[in-house]
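Scroll down for the structure; my scribbles are underneath it.
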Amino acid sequence: MIVFKKLYASTAITAAFLACSAQAQTEAELEPLVMELEAALAGETFSSDVRRRAGIAAVPSGFGLSNGTASLSFSGSYGPERGDPDSTRFDASTAFSVGFGDPVNAVALEFGVVNTSFRNFGESGFFTVGANRQFSFAGGTGSVAVTVSDIEGWGDSKDNDVSGTATASFVYSINGRPVMATIGAGSSLTRDGDTGLIAGFGLSLAPDWAVSAGVVGESPIIGASYFPSALQGASVNFSLRDLDEGDDAVFGIDLGYSFNLFGR
């Protein structure tokens, strides 16, 4: 279904984002937090005392890429058959995105390409463009992002209508434990292709692990995120989507890696 494809592509674009620990309570304490967040988005290393992170699996984020930062991602899923004789329960997509600009002092732009055909690699896909802006608040850091997808599609994606999402994400702490919350909306998110809600909440359980729950359109989602300590800038997200569909629920794995194109 087109709705599922859009969800896969959306998670592929955001899988590489790393959310740093947000424990600051004053403007003075927020300054190093913002620096650590920028370092994570740029794929740079950061000190071990902020290794605890929160994330929201399979839910679009309000955070985006900054200048010179790129992300590679792979999204795979196992779900219901599509009905045709050659159909399979497996589906996959890949994405590459690159950011330009300063999201802290101005606005950053992000351009990406999504490949929705994995078995016949490159035969179907589309382009994306987005903008993001970070901000600080008492106790944490947030960001808003607007993304437009299905631009100049080809192959199976050629006839897709242009779609968009607008999201805001907040990283802060509860009793010293990092959390992340996201709220937003987007077009073509429901099973009927209508506008739908985006919402999610993630909680850090350990330095490298977080759990989350959310909804995208009509799809309730639970998930877990793993941030490998051996590879800075990498994330692995596990999700179970469409929980209300019983045996037709979709299990997904999203792999992401963000890095600085200039090797900083």
Dividing the mean separation of Cα pairs under 8 Å (6+ apart) by the residue count of the range 68-126 yields a relative contact order in percent of 28
So the FRET efficiency between THR190 and VAL98, C-beta based with R0 = 45 Å and rounded to 0.05, is 0.90
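Computed from the coordinates by the stated procedures, all read-outs in this text should not be read as laboratory data. Everything numeric here is computed off the predicted structure, so don't read it as measured data. Counting neighbours? That spans all protein chains shown, and the Cβs are built from the backbone with ideal geometry, glycine included.
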